[in-house]
1. Look at region A:243-265 and say how many of its residues are closer than 20 Å to B:Tyr259 by Cα, in contact with a Leu (Cβ under 7 Å, 6 or more places away or on another chain) and small (Gly, Ala, Ser).
2. Considering only residues that are under 18 Å from the mean Cα position of the chain (by Cα) and more than 9 Å from chain B (Cβ to nearest Cβ), look in region A:223-246 and name the one that is modelled with the lowest pLDDT.
3. Looking at (1) within 27 Å of B:Ser308 (Cβ to Cβ); (2) more than 9 Å from chain B (Cβ to nearest Cβ), which is the one condition that is false for A:Arg286?
4. Among residues belonging to region A:275-288 that are surrounded by 22 or more Cβ atoms within 10 Å (Cβ to Cβ) and not hydrophobic (A, V, I, L, M, F, W, C), point out the one that is farthest from A:Leu432 (Cα to Cα).
5. Testing A:Asp466 on (1) in contact with a strand residue (DSSP E or B) (Cβ under 8 Å, 6 or more places away or on another chain); (2) at pLDDT below 95; (3) not in a helix (DSSP H, G or I), one condition comes back false. Which one is that?
6. Kindly list the number of the only condition in (1) crowded, with 19+ Cβ neighbours inside 10 Å; (2) aromatic (Phe, Trp, Tyr); (3) part of a strand (DSSP E or B) that fails for A:Tyr251.
7. I'm trying to understand the selection: among the residues of region B:134-155, which are hydroxyl-bearing (Ser, Thr, Tyr), in contact (Cβ under 8 Å) with a residue 60 or more places away in the chain and within 18 Å of B:Ser251 (Cα to Cα)?
Amino acid sequence: MAPAIFDEMGAEGAEPRPAYRVLKDWLDQIPLDVLTLRREEAETFFRRIGITFAVYGEGGDPERIIPYDIIPRILEAAEWEQISAGLVQRVNALNAFIADVYGAQEILKAGIVPSEHVLLNETYRHQMQGVQLPHNVYTHIAGIDMVRVGPEEFYVLEDNCRTPSGVSYMLENREISMRLFPDLFERYHVAPVDHYCDDLHHTLASVAPRNCESDPTVVVMTPGIYNSAYYEHSFLADQMGVELVEGPDLYVKDDIVYMRTTQGPKRVDVIYRRVDDDFLDPLAFRADSALGVPGIMQAYRAGNVNLANAVGAGIADDKAIYTYVPKMVEFYLGEKPILKNVPTWRCGEKDDLAYVKEHLAELVVKEVHGSGGYGMLVGPKATKEEIAKFAHALEKAPEKYIAQPTLALSTCPTFVNEGVAPRHVDLRPFILSGRETRVVPGGLTRVAMREGSLVVNSSQGGGTKDTWVLKS
Amino acid sequence: MLSRTADNLYWISRYMERAENLARILRVTDRLSLMPAIAESDGNEWHSTIVVAGLEDMFYERYDEATPENVISFLAFDPENPSSVRNCIETARRNGRAVRTALTTEQWETLNTTWLELPGWNENRVRGSGLNRFLDWVKDRSLLFHGATVATMLRRDSYFFSRLGTFIERADNTARIVDVKYHILLPEQAEVGGGIDYYQWASILRAVSGYRSYNSVYRQGLKPWLIVEFLTLREEMPRSLASCSLGIKESLDHLADEYGQRHECHRMAGQIHSRLRFGQVDDIFRQGLHEFLSEHIENNNRLAYEISRAYLF
């Protein structure tokens with residue numbers, strides 16, 4: 001039997017939950033054609049500014065808009081307090097873990113995380129062994145994907161420690177909803193998120209190499225305009241007031257990174273790179289990369305430049321490693337984890353695999369290294385053929401998969417073709433770690449626009465919502 | 001600033017300016033082709049348009065004859081012609097996307113909206129009276145972009161690189177437009193002959209938005225020597241060679257002040273400018289108008305090369 005679905009505004013017919021009372025009144029009063037008009041306004045705004053998400057190779061318009069749902073998702077101050085304390089704790093533990101696996105490896109020696117899960121992992125970069133990074137921070141910008149299944153029940157679904165994207169949507173969604181609904185902002189005290197880019201700049205400057213004497217030069221590095229998140233890269237560089245560079249704009253001389261400017265070479269101290277490890281340095285990783293900078297790894301290891309996020313940080317967002325995060329919190333911080341993990345079966349382990357094989361039709365099975373909603377099986381939604389096919393893949397390489405129960409993700413009122421209706425949502429808050437760890441109140445709420453769908457990924461037609469954290 | 005950014009800003013301006021000039025040239029050609037006098041002459045205005053654009057070889061590789069349809073299609077929409085209006089707009093917008101952070105919101109939105117509206121124009125829509133609407137649109141979009149640049153950009157390096165692109169491109173285009181008339185060498189102070197000749201000179205002035213300004217400056221009818229003087233040596237005429245070279249020199253001076261460094265391009269720009277500033281139209285005709293213009297186009301190209309060398313484009 002399917003578990004009851006928690007609606008964040010309140011069940012159909014029941015009293016709305018306190019945070020949603022004003023919104024519910026407002027929704028009850030506003031005619032649908034006014035909502036339609038506002039949605040069109042929003043779409044024009046996104047197109048004109050060029051806030052697009054590139055999907056290449058599928059035909060049609062390559063520069064698409066991620067559907068923006070105009071109805072906000074609201075979190076109470078107390079709910080957020082709990083979440084944000086949990087996020088800071090979790091990211092501190094993740095950073096400690098990454099520093100440890102490239103350093104003393106105590107967690108492996110203590111037998112808490114099996115060595116082979118780490119050392120034989122494709123995302124483990126042996127080039128990083130023994131490298132000392134400022135403040136021991138590896139994942140400077142983390143995006144933690146969370147879901148809610150009840151009033152007090154939040155789960156962490158995934159840790160994104162490499163290059164979490166979407167923060168520009170968090171900021172632009174707020175911008176547009178303040179334009180469209182000033183009346184709602186008068187009636188709600190919504191905690192602002194605008195300072196995110198200042199915080200980001202501070203965070204990046206705080207991890208400048210030790211030998212950087214003056215104001216550190218921070219840049220954002222993008223693979224270029226054809227990257228799906230290019231808009232975000234340029235947005236962040238712009239908001240921070242720093243240069244947006246591509247690989248060919250940088251070069252390394254005597255282990256120091258410079259950018260080519262109209263006034264000659266200029267030294268670069270911190271690179272917020274949105275280029276994957278593999279493409280970063282053709283001398284250290286993929287030799288065919290045209291996006292990277294030859295010699296940058298050497299400069300990095302010499303401590304002359306810092307990269308955010310660190311090379312090798314991907315070891316912490318591996319889905320098999322994920323299962324150990326609560327233990328990491330206890331091991332490194334000596335604290336009880338505030339945020340819960342979704343119960344997870346590691347298919348690489350015999351007993352777990354047996355269970356998963358028997359219950360495929362009820363479970364969600366994911367590739368350990370997959371992302372973006374590709375390569376996963378949603379048991380309850382899959383056909384018999386799809387399940388059989390997946391079982392075969394699972395049999396061949398079980399260690400590549402994990403499985404989780406199908407969670408009854410909470411729903412939020414969403415404006416869709418049929419009118420205002422509940423749709424499933426998740427939440428990705430962004431955590432910044434440098435000299436200190438901080439979170440802006442909010443995050444990116446992703447919403448599955450199709451009825452009953454649980455897939456919120458933007459590459460799979462998911463949309464976004466503005467996320468409001470109320471001030472106490 | 002990043003050299004790549006400077007390069008992109010410079011080329012965005014060049015491409016927008018180029019699109020506008022193509023629209024101006026096409027408009028004049030279209031207008032001339034409607035004159036009964038032209039119909040009687042052997043000269044093919046559409047052919048000379050291709051010559052002005054400097055694309056004769058590429059055009060005749062792709063088309064047999066310079067019919068109006070072929071020329072419009074080639075100059076306005078041909079995806080194979082890197083300088084077609086369509087490609088100019090697409091390239092400008094692509095460059096703009098790559099340096100969004102260096103553009104003001106107004107500049108970016110102008111570029112982006114232009115690009116979003118572009119697919120609405122095609123060969124079918126510009127038949128008949130549609131052509132004028134299209135050419136108006138191109139000119140308006142370009143003027144809007146230049147207006148946004150002048151009205152919203154901070155006066156620092158990025159602005160001066162943008163302006164350099166505009167002036168370098170415009171100097172080249174004006175020289176080319178005047179050059180169509182090189183074969184006509186009338187005696188000093190002669191009145192423009194009737195018919196074709198009159199319309200051709202008038203059309204050149206119109207192509208550079210200079211017909212009415214010419215009359216208000218000279219008040220003595222269309223005279224080839226004066227028209228040439230107006231379009232080459234008069235600084236108050238914003239599309240003249242002298243005005244463009246002043247713009248280039250001033251932009252480069254600002255960069256030198258900001259960066260505290262002068263390069264070979266500064267010397268060249270000063271030389272080109274003083275030659276025009278102190279030049280006399282008699283000397284131009286003595287040298288030969290075509291020779292003078294060819295030399296100017298070549299110097300302009302060399303200057304563009306020196307600019308890119310100085311700032312590491």
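1. Counting residues in region A:243-265 that are closer than 20 Å to B:Tyr259 by Cα, in contact with a Leu (Cβ under 7 Å, 6 or more places away or on another chain) and small (Gly, Ala, Ser) gives 0.
2. A:Ser228
3. The number of the failed condition is (1).
4. Taking region A:275-288 as the starting set, the residues that turn out to be surrounded by 22 or more Cβ atoms within 10 Å (Cβ to Cβ) are A:275, A:277, A:280-281.
Retained after the next criterion (residues that are not hydrophobic (A, V, I, L, M, F, W, C)): A:277, A:281.
Details: A:Asp277: 20, A:Asp281: 25 Å.
The qualifying residue farthest from A:Leu432 (Cα to Cα) is A:Asp281.
5. Condition (2) is where A:Asp466 drops out.
6. For A:Tyr251, the exception is condition (1).
7. Step one: of region B:134-155, the residues hydroxyl-bearing (Ser, Thr, Tyr) are B:142, B:149, B:152.
Narrowing further to those that are in contact (Cβ under 8 Å) with a residue 60 or more places away in the chain: B:142, B:149.
Across region B:134-155, the qualifying residue is only B:Thr149.
Here's the yes/no breakdown for (1) among the small types (Gly, Ala, Ser); (2) more than 30 Å from A:Tyr188 (Cα to Cα); (3) buried (at least 19 other Cβ atoms within 10 Å of the Cβ); (4) touching a residue at least 12 places away in the same chain (Cβ under 8 Å):
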| position | (1), (2), (3), (4) |
| --- | --- |
| A:Ser84 | yes, no, yes, yes |
| A:Val88 | no, no, no, yes |
| A:Ala93 | yes, yes, yes, yes |
| A:Phe97 | no, yes, yes, yes |
| A:Asp100 | no, yes, yes, yes |
| A:Gly111 | yes, yes, no, no |
| A:His117 | no, yes, yes, yes |
| A:Glu122 | no, yes, no, yes |
| A:His126 | no, yes, no, no |
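The values are calculated or read from the model by the stated rules, or taken from the named source; none is laboratory data. What you see is a predicted model; the values in this text were computed from it and never measured. With ideal geometry, Cβ positions are generated from the backbone for all residues, glycine too; neighbour counts draw on all protein chains shown.
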